[in-house]
1. Only residues that are at negative phi and without any contact (Cβ under 8 Å) to a residue 40 or more places away in the chain: list them for region 64-87, please.
2. If you check A62, A49, A74, which single one turns out to be part of a loop (DSSP other than H, G, I, E, B) and either farther than 19 Å from P107 by Cα or open to solvent by less than 60 Å² (accessible area, probe 1.4 Å) (or both)?
3. Mind telling me which of the residues P41, P87, P107 ends up being at pLDDT below 95, closer than 26 Å to G10 by Cβ and more than 15 Å from the chain's Cα centre (by Cα)?
4. Here's a check for you: in region 14-46, which residue that is assigned to a loop (DSSP other than H, G, I, E, B) and in contact with a strand residue (DSSP E or B) (Cβ under 7 Å, 6 or more places away or on another chain) is least open to solvent (accessible area, probe 1.4 Å)?
5. Counting only residues that are in contact with a Gly (Cβ under 8 Å, 6 or more places away or on another chain) and open to solvent by 60 Å² or more (accessible area, probe 1.4 Å), which one in region 1-13 is nearest to C95 (Cα to Cα)?
6. Can you name every residue in region 94-121 that is in contact with a helix residue (DSSP H, G or I) (Cβ under 9 Å, 6 or more places away or on another chain), open to solvent by less than 90 Å² (accessible area, probe 1.4 Å) and in a loop (DSSP other than H, G, I, E, B)?
7. Say we look at region 6-23 and pick out the residues that are closer than 20 Å to V78 by Cβ and polar (S, T, N, Q); which of these is nearest to the chain's Cα centre (by Cα)?
8. If I ask for residues that are open to solvent by 10 Å² or more (accessible area, probe 1.4 Å), in contact with a Lys or Arg (Cβ under 7 Å, 6 or more places away or on another chain) and either within 15 Å of A24 (Cα to Cα) or not in a strand (DSSP E or B) (or both), which ones from region 78-93 would you list?
Amino acid sequence: QVQLVESGGGLVQPGGSLRLSCAASGSIFSISGMGWYRQAPGKQRELVARVTRDGILNYAVAVKGRFTISRNGAKNTVSLQMNSLKPDDTAVYYCDADVKITDWARPQGYWGQGTQVTVSS
């Protein structure tokens, strides 16, 4: 089994900052991509940012220049630094990871339980 645990959500005023963290644990042989998605009420889950094992970054247009994703391969963690937050960033943020549990297994996607981020004055 693989678990992803997020932390760092909360309430912040517009223009403020938050840092989300996610730690993967369990039967992990290797992790390829890790990233963050979000889902606002009444909307579909959408990509926020993702980083490959080789360090290739991908950001949603809406967050580019404001959010920074970083990853620690040795610790199986991924973080999301969110600056200049806007009310439109309000959502539940989910961590995801593509995990191989053995050398010969195919990567499988895992999700964290989600953490609420609310941007409001």
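The values are calculated or read from the model by the stated rules, or taken from the named source; none is laboratory data. Owing to the predicted nature of the structure, the values given are computational and were not obtained by experimental measurement. Neighbour counts run over all protein chains shown; Cβ positions are idealised from the backbone, glycine included. These accessible areas exclude ligands, DNA and RNA; they are computed on the full protein's heavy atoms, side chains included. Shrake-Rupley method; radii C 1.70, N 1.55, O 1.52, S 1.80 Å.
1. Of everything in region 64-87, those that are at negative phi and without any contact (Cβ under 8 Å) to a residue 40 or more places away in the chain turn out to be K64, R66, F67, T68, I69, S70, R71, N72, A74.
2. Just one listed residue meets the conditions, A62.
3. From the options P41, P87, P107, the qualifying one is P41.
4. Once the filter is applied, the top-ranked residue is A40.
5. Looking at the filtered set, the residue picked out is V5.
6. Result: S120, single match.
7. Per the stated criteria, the residue is S21.
8. At the first step, the residues of region 78-93 found to be open to solvent by 10 Å² or more (accessible area, probe 1.4 Å) are 79, 81, 83-84, 86-88, 90, 92.
Adding the requirement that they be in contact with a Lys or Arg (Cβ under 7 Å, 6 or more places away or on another chain) leaves 79, 81, 83-84, 92.
Those that are open to solvent by 10 Å² or more (accessible area, probe 1.4 Å), in contact with a Lys or Arg (Cβ under 7 Å, 6 or more places away or on another chain) and either within 15 Å of A24 (Cα to Cα) or not in a strand (DSSP E or B) (or both): S79, N83, S84.
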